[in-house]
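The values are calculated or read from the model by the stated rules, or taken from the named source; none is laboratory data. Because the structure is a prediction, the values reported are computed rather than measured. Using ideal geometry, Cβ is built from the backbone for each residue, glycine included, and neighbour counts are taken over all protein chains shown.
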Amino acid sequence: MEIKELKGLAVANSIKEQIVSKVKRLKANGVNPCVAILRVGDNPDDMAYENGATKRMAGMEIDVKHITLDGDISEENCLDAIEKLNRDETVHGVLILMPLPKHIREDAVRKALSPEKDIDGITSANMARLFMQREGMVPCTPKGVVELLKYYEIPLQGKRVLIIGRSLIVGKPLALMLLNENATVTIAHSRTENLSKLSSEFDIVVCAIGKARFLTKEFVKDGAVIIDVGINPTPDGGITGDVEYETVSKKASAITPVPGGVGSVTTTILAKQLVETCERQYLK
Ligand code: NDP
């Protein structure tokens, strides 16, 4: 069986074309799309993500404003910084790098951010819209998974999909998005029993747990589509996914690599949601 590698860059580039033309149109109407990236502390993973996102935004002529707060900043001052971004008319979208230091309550941050600037879909208002199948901004990584599956024309309607991981940022929103695509969705997590047996019954398996090379060939049925969301650091400074690529790719019909898979689409979705919120506000 010929196995298909589902590369993220092709997906990102196809979306990028639409974004670039939308940015041109916005600029012609006097709107200069700008995203603020708010980082608390100097976690190297956050900094690497911020650098990558900045380069990608620059490639689409989108401005980036960097707000960097000390790791020991009080919750109150962090919320003030968010409030300031809500009021800043030159900023159209805000990306808050998570997880935040433990002394800052993520719930308070989610509440503080204006839903109109919430381009990563973290606020309750945008989550509720997703839940109710209304238009709104959604978390970028699961949206990237859906865009990737659509780009490679992997049928979702009526298909049985297993999502391993139930976080607020990946697993849960992805389940709702796939449900909206008429897939039949099951969610597994750390308490799921006989996961390898369960997993080997599914047409499509998405793994988003943050455990390097966890998903081995025993979890996979012949011909399944495997989507690896995991990003795990390797001792040599690289990254690896949640899937044991070498063995699983021999059984799967299609699989995303890490790096070069889902992660390559995320920032482009962020840019897409940024220009869409600009359009809603300024090009009615
Ligand atoms: P979280 O730690 O928030 O959630 C992990 C989930 O995996 C939990 O639901 C947990 O279950 C489940 N889990 C953990 N261990 C197991 C296990 N042994 N068997 C079954 N389920 C398990 O992680 P995130 O959702 O934030 O991220 C998941 C991965 O995706 C990480 O590697 C992260 O780096 C990556 N990621 C990639 C992005 C991208 O752009 N490509 C963006 C965001 C994340 P339980 O709820 O029971 O604890």
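Brief remarks on what is shown
- Being in contact with a strand residue (DSSP E or B) (Cβ under 9 Å, 6 or more places away or on another chain), in a loop (DSSP other than H, G, I, E, B), more than 13 Å from the ligand (Cβ to nearest atom) and β-branched (Val, Ile, Thr) is a description that applies to Ile154.
Quick grid of which residues meet (1) within 11 Å of the ligand (Cβ to nearest atom); (2) surrounded by fewer than 20 Cβ atoms within 10 Å (Cβ to Cβ); (3) in a loop (DSSP other than H, G, I, E, B):
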{"residue": "Thr247", "(1), (2), (3)": "no, yes, no"}
{"residue": "Ala252", "(1), (2), (3)": "no, no, yes"}
{"residue": "Pro257", "(1), (2), (3)": "no, yes, yes"}
{"residue": "Thr267", "(1), (2), (3)": "yes, no, no"}
{"residue": "Val275", "(1), (2), (3)": "no, no, no"}
{"residue": "Glu279", "(1), (2), (3)": "no, yes, no"}
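- Meets criteria (under 19 Å from the mean Cα position of the chain (by Cα), within 11 Å of the ligand (Cβ to nearest atom) and closer than 23 Å to Lys159 by Cβ) for Val229: yes
- Any hit, segment 150-163, residues being in contact (Cβ under 8 Å) with a residue 60 or more places away in the chain, charged (D, E, K, R) and surrounded by 16 or more Cβ atoms within 10 Å (Cβ to Cβ): no
- Test for Lys159: is it basic (Lys, Arg) and near the ligand (Cβ under 10 Å from one of its atoms): no
- Residue selected from segment 172-182 under the condition in contact with a helix residue (DSSP H, G or I) (Cβ under 8 Å, 6 or more places away or on another chain) and within 13 Å of the ligand (Cβ to nearest atom), by the criterion nearest to Leu215 (Cα to Cα): Leu174
- Val109 under 23 Å from Ala28 (Cα atoms) and either touching a helix residue (DSSP H, G or I) at 6+ places or on another chain (Cβ under 7 Å) or not assigned by TED's automatic domain parsing to the domain that holds Leu176 (or both): no
- Selection of segment 30-44 for residues being surrounded by 11 or more Cβ atoms within 10 Å (Cβ to Cβ) and farther than 14 Å from Gly71 by Cα yields Val31, Asn32, Pro33, Cys34, Val35, Ala36, Ile37.
- Scanning segment 183-213 for residues that are more than 11 Å from the ligand (Cβ to nearest atom) and part of a loop (DSSP other than H, G, I, E, B) yields Ala183, Asn194, Ser200, Glu201, Phe202, Asp203, Arg213.
- Of all residues in segment 113-129, those that are assigned to a helix (DSSP H, G or I) and either more than 16 Å from the ligand (Cβ to nearest atom) or without any contact (Cβ under 8 Å) to a residue 24 or more places away in the chain (or both) total 8.
- Condition met for Gly223 (buried (at least 24 other Cβ atoms within 10 Å of the Cβ), farther than 29 Å from Arg129 by Cα, modelled with pLDDT of 95 or more and not assigned by TED's automatic domain parsing to the domain that holds Thr54): no
- Only one of the numbered conditions (1) within 19 Å of Gly210 (Cβ to Cβ); (2) more than 16 Å from the ligand (Cβ to nearest atom) is not met by Gly238, and that is (2).
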